[in-house]
Structure formats: structure tokens, C-alpha cells
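What follows is one structure encoded as C-alpha cells, with my remarks underneath.
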Amino acid sequence: MSGRVLVGVKRVIDYAVKIRVKPDHTGVVTDGVKHSMNPFCEIAVEEAVKLKEKKLIKEVVAVSCGPQQVQETIRTALAMGADRGIHVEVSGKDYETLGPLQVSKILAALAKKEQADLIILGKQAIDDDCNQTGQMTAALLDWPQGTFASEVTLDADKLKVVREIDGGLETIKIKLPAVVTADLRLNTPRYATLPNIMKAKKKKIANVKPADLGVDVSSRLEVLKVDEPPQRQAGVKVETVDDLVGKLKEAGRI
Amino acid sequence: MTLFRLVLRFASPRLPFICGGCRTYSAQTGAVERVISSFRSVSGDEGVSVGLAVREQHGRDESVHSCRPPDVVVFPRSVEEVSALAKICHHHQLPIIPFGTGTGLEGGVGALKGGVCFSLRKMEQVLDLHEEDFDVTVEPGVTRKSLNSYLRDTGLWFPVDPGADASLCGMAATSASGTNAVRYGTMRENVLNLEVVLADGTILHTAGKGRRPRKTSAGYNLTNLFVGSEGTLGIITKATLRLYGIPESMVSAVCSFPSVQSAVDSTVQILQAGVPIARIEFLDDVMINACNRFNNLSYAVTPTLFLEFHGSSKSMEEQVSITEEITRDNGGSDFAWAEDEETRSRLWKARHDAWYAALALRPGCKAYSTDVCVPISRLPQIIVETKEDLIRNNITGPIAGHVGDGNFHCLIVLDPNDPDEVQRVHSFTERLARRALAMDGTCTGEHGIGLGKRDLLKEEVGPLAIEVMQGLKATLDPKKLMNPGKDRYGLWIGLQSVVYILLVYRMCPAPFSSPRPLCCPRPLFPISFRTQGDRTGSKCRLNTHVDKNTEYVEGARKRDVFPKPEIRCWWFWREGAG
């Protein structure tokens with residue numbers, strides 16, 4: 001038991017920004033737009049730091065994949081309490097097509113290399129809403145998974161996870177090493193305080209390339225078109241029930 | 001009084017132009033169409049609204065004052081649009097009311113005289129963040145919580161916390177304060193520069209364009225002139241704010257006291273000991289009782305202090321132990337403190353839910369918060385006297401206070417449909433404000449003057465200061481278009497109309513069927529007429545030039561009949577319309 005937790009963080013467009021689609025419909029505008037850590041990843045980092053504060057684990061390692069700018073995101077994780085960071089360099093075309101499958105391969109390779117006991121991820125990213133990385137990572141490593149966690153309790157080598165599912169709450173017990181994905185109600189992430197940000201500048205961020213981990217980041221998916229949702233049309237008021245029926249018939253609904 | 005003027009107004013033949021000096025502007029008249037189309041040419045079609053629901057939304061805030069909707073609401077998207085719209089309003093003499101988020105507590109957004117509401121929510125960018133200089137420039141649509149969310153990765157925050165998620169420029173306009181003021185100051189200390197659009201459309205940078213030094217001694221302090229002006233001097237379109245680092249560690253504590261005096265004594269000693277206290281909140285026994293019932297807590301039902309310390313984690317233990325010792329020496333008991341987020345929230349839950357706990361004391365009633373501020377040493381006396389007043393008048397008024405500043409609020413819960421209670425509450429608030437003024441304090445610590453405290457302001461600063469304020473207002477807004485009705489002589493408007501009516505009753509000779517401005521208070525029923533002498537073109541006292549050879553009707557002396565002359569009424573010609 002190395003007591004090491006790997007936390008994956010993703011740099012996404014900030015949740016408060018209004019998204020605009022590029023004029024050529026190949027994607028959304030990302031230049032000059034405010035980016036920050038994915039909110040679910042913040043919750044994941046907070047959970048890892050809480051476990052460290054309770055002295056249940058020894059080290060928290062923050063991992064992110066992307067170009068140079070993701071170092072800011074890793075620094076935020078370090079300011080929240082992570083001990084060190086790993087920056088997996090993926091840039092250019094590879095970064096645009098980077099998806100859950102490639103990231104989960106990278107995380108699986110890193111987990112083996114760092115001998116991590118626990119991987120905590122956010123349940124999904126707010127830009128692609130895939131909700132796949134945690135599950136794929138667990139499958140590649142053949143580890144148990146506790147997804148949509150709203151409560152995590154660690155004792156010795158067993159993890160009790162309360163999951164938020166459609167019907168309510170499900171409590172499962174899984175053995176370490178395991179993968180957990182954080183849901184909204186797991187905790188309230190702390191703000192990175194200024195003194196901690198200053199201290200985080202001294203913490204180490206290691207640079208790794210996917211090739212070093214033996215991972216092929218090419219994608220088998222191709223984005224054909226990105227469109228905005230259709231504009232909402234104005235409603236129509238009708239006077240009588242007959243009018244309503246007539247209009248519904250016109251629209252082919254009945 | 002108002003009813004009488006209303007009757008006058010509707011009894012007179014109406015004309016489609018706007019009167020200078022007093023506003024009588026109706027969304028139905030033709031001139032409005034011209035103005036609205038010029039608004040639309042500036043802001044676009046979606047940028048102008050005359051819909052009733054939109055207007056009502058922009059005529060009220062979170063106070064108990066009734067809704068006073070404006071005639072038009074415009075949504076400018078940039079300072080150039082604000083300036084162009086202001087120029088149009090200036091040309092047509094339309095009142096201008098700036099609107100941020102509508103979370104004010106003193107009725108500052110009510111359009112008492114109709115006019116144009118400038119809703120600034122579409123200007124919502126955070127510009128120019130300088131992390132190393134600890135400053136940021138924001139537009140009026142940025143609220144406090146969204147700014148702090150924007151800053152969360154930088155380790156900085158804007159600590160002024162009035163409770164509501166208010167627009168930052170709106171907070172600057174009302175000089176807002178909050179629970180953190182004892183450590184971080186109010187808006188007055190934290191606004192470095194403002195960009196303001198004056199009533200005639202001029203864009204003014206109060207400390208110079210783009211300047212953001214942390215301190216300056218260059219010229220008059222125009223920035224702080226506009227902070228707290230409540231929209232009566234100009235529309236704030238950008239504010240440069242001072243930021244602070246998020247403290248490394250926050251510790252919250254609670255302590256009960258046997259009396260108000262001992263709680264305030266502890267506060268003073270804690271401040272004197274140099275403890276980096278960030279929040280000291282005082283809740284009296286009625287409030288604690290309400291909180292116990294609302295949240296199922298079990299605090300001792302006595303005056304209680306809620307404290308929060310900000311600083312480095314190493315120093316926290318020391319600060320807490322100093323504070324515990326002070327409170328113990330003053331008779332405090334049940335001192336509890338916590339550092340982690342969840343326990344802190346639990347300890348402070350009582351204070352956070354105070355408003356709702358007070359409302360829950362009498363379900364179905366509304367709550368009104370008073371706001372006075374006195375020197376800290378006088379706080380025990382004023383709180384004791386206020387509580388006696390509350391009991392004597394049978395008013396439900398739990399007290400919560402920012403005791404570190406000497407500022408406290410009575411959260412009065414009243415039934416707005418009971419006129420007797422409303423009257424009692426009203427006279428109670430007047431007495432409370434006067435009590436604070438008598439103790440070298442102020443009638444409003446953080447909420448602003450708004451609609452309800454104009455007379456109290458006169459008492460507080462005295463007639464000379466009011467004259468100076470009026471002079472400044474006349475310089476910056478000579479046509480009195482900015483947020484009218486909130487200027488310092490609100491009460492005089494009613495009296496003036498009585499005077500006008502009395503004068504005009506006796507004086508104005510123009511026939512009743514003649515065109516006359518909307519604001520002309522001449523009644524429709526016959527009056528007696530008197531001229532000043534018999535000269536041709538005699539002038540009435542209100543400067544109406546009247547031709548001698550005119551027929552007067554309805555009780556006035558009849559003369560030779562000639563074609564009707566033009567009536568040159570003073571108001572008429574000021575407008576310049578035919």
C-alpha cells in the first residue's frame with residue numbers, strides 16, 4: 001500500500017463563460033476565452049486532499065493531459081493541497097482529438113508506473129459531458145469502480161462508496177486499488193488561498209510524453225460538425241380548445 | 001396631496017410634449033414614440049422594453065417600498081450606448097434611473113417621477129485583472145459572487161459582503177458594507193476608480209482613465225463623491241476595485257454572554273488586542289431564540305457573538321486562545337470554535353439563516369431591516385433602549401449587528417396589511433434613527449438613504465451640508481434628471497405643488513381651453529382672475545405674458561374679443577415646442 005492517490009484534472013472553458021460556436025462549425029471558440037479546472041475535478045481534488053488531511057493516505061498526485069497551459073490547472077490543484085503534479089504533454093492536433101479513451105490509457109499507464117492505490121476523477125467534463133474516462137480507466141486496469149460518488153469512506157484497504165443512481169442512493173464496498181468518480185454532492189471544494197498558491201509554485205510538476213508511457217493518442221473519432229441548439233421560437237396563444245386541436249393537427253402531432 | 005395633483009393633471013387637456021422641470025411623461029403619448037425610436041436606434045430592438053412586466057421588475061427592489069415602475073427600460077451594452085442614451089434623455093428632459101440587480105433595501109430604484117430605467121445587466125464583463133497589483137475593473141452587470149468565482153483560481157477575492165449577490169457597481173453606488181467591514185473596510189475604502197456617465201452623457205473617469213494606483217493625493221476625491229451617491233449624480237459603468245488575498249486559514253467561533261454590555265466590551269477588547277478578526281456578529285436573545293426554533297439548535301438564549309478569524313494557520317491557535325480568554329473575563333460562556341469548513345458552517349448557521357429565522361417567527365409577514373450605526377462604546381446603550389422600545393410597542397424585532405463597526409439591524413417582522421402596526425413600526429424606526437443621531441451616529445450604516453430617510457439625512461448632516469450637496473448636484477446634474485425624488489428635498493416637492501397651485505389659482509389668466517403644458521396645475525373649474533395692473537402685456541407672477549386684448553372666460557373679466565393670442569407660459573417656452 002503506497003498510500004498514493006492519483007487525481008485527474010482537466011482544463012476546460014470556465015463554466016460561467018457564454019460558449020460560441022466557430023463560424024466554420026468545426027468547434028467552439030477557445031482562443032482568448034477564460035479556462036479553468038473542470039468543477040467535478042475540483043471536487044475530486046478536494047476529496048483527495050481531505051483524505052490526506054485525515055491521514056488516511058500519504059500523497060496526492062495531480063495529473064493533467066494537454067498543452068503548456070494545463071500547467072495552470074495543475075498549479076491550482078497543487079494550491080488546493082496536492083503534493084506534486086504530472087503534466088502529460090499532448091498538443092496540437094492530438095490535443096484537439098484527445099478523448100476519454102486516450103486519457104484513460106494514459107491514466108492506466110501512470111497508475112501502474114506510480115503504483116497508485118486510488119484514482120479519483122470527476123464524473124464528467126463540462127465541455128464534452130462524456131462520463132467515460134473513469135469507467136474506461138477501471139476497465140483497463142481491471143480495478144473496481146465507484147462512480148457518481150456522493151460519499152467516500154476509506155478504512156484500511158476497503159472503500160465504502162455511496163453512489164447517486166437513478167433510483168436513489170446505492171452503497172457499495174470495494175477493495176483497493178480502485179477508481180472513484182466524484183459527483184456534485186461529494187464535498188464543497190475549497191478556494192485556493194493566495195499563500196497556498198505561492199507555496200504551490202515550489203511544488204514539482206513532472207513532464208511526461210504519452211510515447212514514454214507507451215500510449216498511442218491517435219483518435220478513431222472525427223468531429224463532422226458543431227452547431228448551436230436551434231433558436232427558441234415564440235409561442236402562440238390560442239383562444240379556444242378547437243383552435244388548439246386545429247394547430248396540433250397542422251403540426252402533424254395528432 | 002398626490003391625489004389632488006393627479007386629479008389636476010388628468011383634468012387638464014393633455015399635450016404630447018414633455019414639460020421641463022417636472023416630469024409628466026406617459027408611455028401613451030406621441031412624443032414617447034419619437035424617443036423610443038431613438039432609443040432603439042442606439043440599443044437595438046431588444047435593448048428597449050415598454051412591457052409592463054419588465055417595467056414593474058425594474059421599479060422595485062428588496063425593500064418594503066411599493067413598486068414604482070419607470071416608463072421605459074433600456075438595456076445598453078457598452079458605455080458608449082449608455083452615453084448616447086443619456087444624451088437623448090438629457091435632450092428630452094427624461095429622468096434617468098440606473099438599475100443593477102435590484103437587491104437594494106431602501107427603494108433606490110423606484111421611478112418616482114417615471115422616466116427611463118437604465119438596466120445595466122448586459123454589461124457583464126470582468127476587465128483588466130491585475131493579480132500582482134490586487135486590482136480588477138468590472139462592469140455593472142458583474143455581481144459579487146460571480147467576481148469571486150472568476151477570481152477563484154488566482155487566490156484573490158473581493159471581501160465586501162453585503163449578503164445579497166449584488167452588482168458591484170451598485171454596491172459602489174450605495175457605499176455597501178457587510179460582515180467583513182471590520183477587517184476589510186466598506187466600498188468607500190475599496191473603490192480605486194470609477195467610470196461614470198453623467199446626466200448629459202459625458203463620460204467621466206473619477207481618478208483618470210485607466211489609473212489604478214493604490215493611493216493618490218491628486219486633486220479632489222471624485223471617486224468617493226460618487227461612491228454612495230445612489231444614482232443621483234451619474235451612472236456608474238465601470239469600477240476598479242481593490243482585491244485581497246484569500247486568507248490561508250479561517251476559523252469561526254461562537255460565544256454566549258450574559259448581557260449586551262459584556263458582549264460589546266469583549267468586542268472592544270478583542271479589537272484592542274490586535275486580533276485579526278474578520279467578522280464579529282452580534283445576535284440578541286430574541287434572534288437566538290428564533291434561530292434555535294428555525295434550525296433546531298440549542299444555543300443559550302442570551303446575547304451571542306459569532307466571530308471569524310482570517311490569517312495564517314500557525315497564528316490561528318494563538319488568536320483563538322487570546323479571544324477565549326477575553327470572552328471568559330467578560331463573563332462569556334460556551335466558547336466553541338472550528339477550523340474545517342463543515343463545522344464552521346454549522347457554527348455559523350444561526351447567523352446565516354438569521355433573516356429566515358426572523359421571518360419564521362411570524363409566518364405570512366414581511367420583514368424590514370433597520371440600519372443605524374453608532375460609535376462602538378454607545379452600542380450597549382442604544383441596543384438596550386431599542387429593545388425597551390420594541391417591547392413597549394409590541395413589535396417583533398430580533399436584532400443582528402456588525403458589532404465591530406457599531407452597526408446593527410433590527411429585523412422587524414410586520415404584517416403589511418395591519419395599518420396600526422405599520423404606523424408603529426414607522427415611528428419606531430424614526431425614533432431609532434434619531435436615537436442613533438443623538439449618540440453621534442448615523443441614520444444609515446450601510447443601506448443608503450433611498451426613499452425613506454431623506455429627512456433624517458437633513459437632521460444628520462445639517463442644512464449647510466445639504467446646501468453643499470445640493471450645489472454639487474446642481475453642478476453635475478443641473479436638470480435634476482438622475483434618479484429624481486431621492487434628492488435631498490423630496491418632501492418639498494409636495495409643498496411646492498401646493499404653493500404653485502395657490503399662486504396659479506390667483507394669477508394665471510390664460511383660458512382653460514388654451515394649450516398648456518401637462519405640468520400646469522390650473523384646475524378646470526372657474527376661478528377668479530386678477531391682473532397685475534392694466535398695462536398691455538401684463539405679466540403674471542409666474543412670468544406669463546398675456547396680451548391685453550384677449551377674451552377671458554369663466555369668471556374672468558371680459559374684454560374685446562380678438563383672435564386668441566399665443567400664451568407664453570414659462571414652462572411652455574422652456575420646452576421650445578410650438
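The values are calculated or read from the model by the stated rules, or taken from the named source; none is laboratory data. Everything numeric in this text was worked out from a predicted model, so none of it was measured. Glycine gets a Cβ as well: all are built from the backbone with ideal geometry, and neighbour counts include every protein chain shown.
Kindly provide the set of residues from the range B:156-174 that are of a type outside the set (A, V, I, L, M, F, W, C), surrounded by fewer than 23 Cβ atoms within 10 Å (Cβ to Cβ) and more than 18 Å from B:V403 (Cα to Cα), ordered by number.
Hit for the range B:156-174 is B:D165, nothing else.
Return yes when A:G122 is touching a residue at least 24 places away in the same chain (Cβ under 8 Å), in contact with a helix residue (DSSP H, G or I) (Cβ under 7 Å, 6 or more places away or on another chain), more than 14 Å from chain B (Cβ to nearest Cβ) and at positive phi and no when it is not.
It is false that A:G122 is touching a residue at least 24 places away in the same chain (Cβ under 8 Å), in contact with a helix residue (DSSP H, G or I) (Cβ under 7 Å, 6 or more places away or on another chain), more than 14 Å from chain B (Cβ to nearest Cβ) and at positive phi.
Of all residues in the range B:163-193, which are more than 14 Å from chain A (Cβ to nearest Cβ), out of contact with any Leu (no Cβ under 8 Å at 6 or more places or on another chain) and within 29 Å of B:C89 (Cβ to Cβ)?
B:A164, B:A166, B:G170, B:M171, B:A173, B:T174, B:S175, B:A176, B:M187, B:R188, B:N193
Just to be sure before I move on: is B:G406 at positive phi, crowded, with 19+ Cβ neighbours inside 10 Å and modelled with pLDDT of 85 or more in the structure I sent?
yes
In the range A:1-12, what count of residues is obtained for those that are touching a strand residue (DSSP E or B) at 6+ places or on another chain (Cβ under 6 Å), β-branched (V, I, T) and within 14 Å of another protein chain (Cβ to nearest Cβ)?
1
Going by what's in this entry, would A:A77 be described as buried (at least 23 other Cβ atoms within 10 Å of the Cβ) and either closer than 26 Å to A:D31 by Cβ or within 14 Å of chain B (Cβ to nearest Cβ) (or both)?
yes
Conditions: (1) under 23 Å from B:D133 (Cα atoms); (2) touching a residue at least 40 places away in the same chain (Cβ under 8 Å). B:G234 meets all but one. Number of the miss?
For B:G234, the exception is condition (1).
Considering only residues that are out of contact with any Asp or Glu (no Cβ under 6 Å at 6 or more places or on another chain) and buried (at least 23 other Cβ atoms within 10 Å of the Cβ), look in the range B:289-307 and name the one that is farthest from B:A400 (Cα to Cα).
Of everything passing the filter in the range B:289-307, B:L307 is farthest from B:A400 (Cα to Cα).
Please report, ordered by residue number, the helices (runs of 4 or more DSSP H) entirely within the range A:144-254 with at least 2 residues that are surrounded by 12 or more Cβ atoms within 10 Å (Cβ to Cβ) and within 14 Å of another protein chain (Cβ to nearest Cβ).
The qualifying helices (runs of 4 or more DSSP H) are A:194-200.
Results for (1) closer than 30 Å to B:S149 by Cβ; (2) modelled with pLDDT under 95; (3) touching a Leu at 6+ places or on another chain (Cβ under 7 Å), shown as yes or no for each residue.
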residue	(1), (2), (3)
B:G201	no, yes, no
B:G210	yes, yes, no
B:Y220	no, yes, no
B:T223	yes, yes, yes
B:G231	yes, yes, no
B:G245	yes, yes, yes
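In contact with a strand residue (DSSP E or B) (Cβ under 9 Å, 6 or more places away or on another chain), basic (K, R), free of Cβ contacts under 8 Å to residues at least 24 places away in the same chain and away from chain A (no Cβ under 14 Å) - does that describe any residue in the range B:301-323?
No, because not a single residue in the range B:301-323 is in contact with a strand residue (DSSP E or B) (Cβ under 9 Å, 6 or more places away or on another chain), basic (K, R), free of Cβ contacts under 8 Å to residues at least 24 places away in the same chain and away from chain A (no Cβ under 14 Å).
Does B:V138 satisfy being closer than 17 Å to B:P76 by Cα, at pLDDT 90 or above, within 14 Å of another protein chain (Cβ to nearest Cβ) and surrounded by 24 or more Cβ atoms within 10 Å (Cβ to Cβ)?
yes
Only one of (1) in contact (Cβ under 8 Å) with a residue 24 or more places away in the chain; (2) under 21 Å from B:A166 (Cα atoms) fails for B:Q125. Which number is that?
Unmet for B:Q125, out of (1) in contact (Cβ under 8 Å) with a residue 24 or more places away in the chain; (2) under 21 Å from B:A166 (Cα atoms): (1).
Please name all residue pairs, on different chains or six or more residues apart, with Cβ atoms under 7 Å, provided the first residue is in the range B:245-260 and is within 13 Å of another protein chain (Cβ to nearest Cβ) and of a type in the set (S, T, N, Q) and the second residue is outside any loop (DSSP other than H, G, I, E, B) and surrounded by fewer than 23 Cβ atoms within 10 Å (Cβ to Cβ).
Partner pairs satisfying both residue conditions: B:S249/B:G311; B:S249/B:S313; B:S249/B:M316.
Taking B:L283 as meeting all but one of (1) free of Cβ contacts under 8 Å to residues at least 40 places away in the same chain; (2) buried (at least 23 other Cβ atoms within 10 Å of the Cβ), write down the number of the exception.
Condition not satisfied by B:L283: (1).
Does B:T240 qualify as being crowded, with 23+ Cβ neighbours inside 10 Å and in a loop (DSSP other than H, G, I, E, B)?
No.
Which pairs have Cβ atoms under 7 Å, sit 6 or more apart or on different chains, and link a residue in the range B:189-205 that is free of Cβ contacts under 8 Å to residues at least 60 places away in the same chain to one that is assigned to a strand (DSSP E or B) and acidic (D, E)?
Correct list of pairs: B:L192/B:D135; B:H205/B:E195.
Regarding A:V45, is this residue within 14 Å of chain B (Cβ to nearest Cβ) and touching a residue at least 40 places away in the same chain (Cβ under 8 Å)?
yes
Of the numbered conditions (1) more than 17 Å from A:K203 (Cα to Cα); (2) modelled with pLDDT under 95, A:A108 satisfies every one except a single condition; which is it?
(2)
Every residue, every condition in (1) more than 14 Å from chain B (Cβ to nearest Cβ); (2) touching a residue at least 12 places away in the same chain (Cβ under 8 Å); (3) surrounded by 22 or more Cβ atoms within 10 Å (Cβ to Cβ); (4) basic (K, R), yes or no:
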| residue | (1), (2), (3), (4) |
| --- | --- |
| A:K52 | no, yes, no, yes |
| A:Q71 | no, yes, no, no |
| A:R84 | yes, yes, no, yes |
| A:Q115 | yes, yes, no, no |
| A:L140 | yes, yes, no, no |
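So which residues in the range B:333-392 are surrounded by fewer than 17 Cβ atoms within 10 Å (Cβ to Cβ), out of contact with any Lys or Arg (no Cβ under 8 Å at 6 or more places or on another chain) and closer than 16 Å to B:V425 by Cα, if there are any at all?
B:R362, B:K366, B:E388, B:I391, B:R392
Would a scan of the range A:13-33 turn up a residue that is crowded, with 23+ Cβ neighbours inside 10 Å and within 12 Å of chain B (Cβ to nearest Cβ)?
No, that holds for no residue.
Of a type outside the set (V, I, T) and more than 11 Å from chain A (Cβ to nearest Cβ): which single residue out of B:D153, B:D133 fits that description?
Of B:D153, B:D133, the one residue that is of a type outside the set (V, I, T) and more than 11 Å from chain A (Cβ to nearest Cβ) is B:D133.
Would a scan of the range A:230-253 turn up a residue that is in contact with an Asp or Glu (Cβ under 7 Å, 6 or more places away or on another chain) and either aliphatic (A, V, I, L, M) or over 30 Å from B:D153 (Cα atoms) (or both)?
no
Restricting attention to the range B:261-284, does a residue exist that is within 14 Å of another protein chain (Cβ to nearest Cβ) and either out of contact with any helix residue (DSSP H, G or I) (no Cβ under 6 Å at 6 or more places or on another chain) or under 30 Å from B:E124 (Cα atoms) (or both)?
yes
Would the range B:152-160 turn up any residue that is in contact (Cβ under 8 Å) with a residue 24 or more places away in the chain, in contact with a helix residue (DSSP H, G or I) (Cβ under 9 Å, 6 or more places away or on another chain) and over 24 Å from B:R188 (Cβ atoms)?
Yes, there is a match, as at least one residue in the range B:152-160 is in contact (Cβ under 8 Å) with a residue 24 or more places away in the chain, in contact with a helix residue (DSSP H, G or I) (Cβ under 9 Å, 6 or more places away or on another chain) and over 24 Å from B:R188 (Cβ atoms).
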